[in-house]
Amino acid sequence: MVKACVCRYCGKVFTSWKERTCCNECVKIEEEEFERIENYLKRYPNSNAIQIAEGLDISPFEIVRFIDEGRLFVKKGEFKSIGGGKK
Ligand SMILES: [Zn+2]
């Protein structure tokens with residue numbers, strides 16, 4: 001089954017055989033973002049997702065997504081209490 005996906009960078013709708021959040025044109029952006037996170041972790045190895053997001057000025061959701069994809073191995077930190085916690 002081909003799935004309809006929406007690119008989270010440019011908002012384009014595209015189809016893919018597997019669930020993806022990034023179109024072919026924006027893969028480079030994603031790779032650059034991932035590299036920035038990796039470099040940040042080399043400098044600050046004990047950072048959690050929130051600290052990385054703040055340090056790089058990106059959304060913590062981006063980092064958690066990489067963690068969920070198994071590409072990053074860092075603590076999610078207090079992300080849960082900020083994102084889906086009780087009000
Ligand atoms: Zn795109």
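Every read-out reported here was derived from the displayed coordinates using simple, explicitly stated rules and does not represent laboratory data. Bear in mind that the values here come from a model prediction, so they are computed numbers and not experimental data.
Descriptive notes on the structure:
- Secondary-structure-derived ellipticity at 222 nm for the chain, considering helices only, amounts to -13000 deg cm²/dmol, per-run term -39500 (n - 2.57) for DSSP H runs with n ≥ 4.
- Under 5 Å from the amide H of K12 lie the amide H atoms of C7, each residue being 5 or more positions distant or on a separate chain, with H modelled from the backbone and absent for Pro and chain starts.
- Amide proton proximity set for I58, modelled H, under 5 Å, gap of 5+: none
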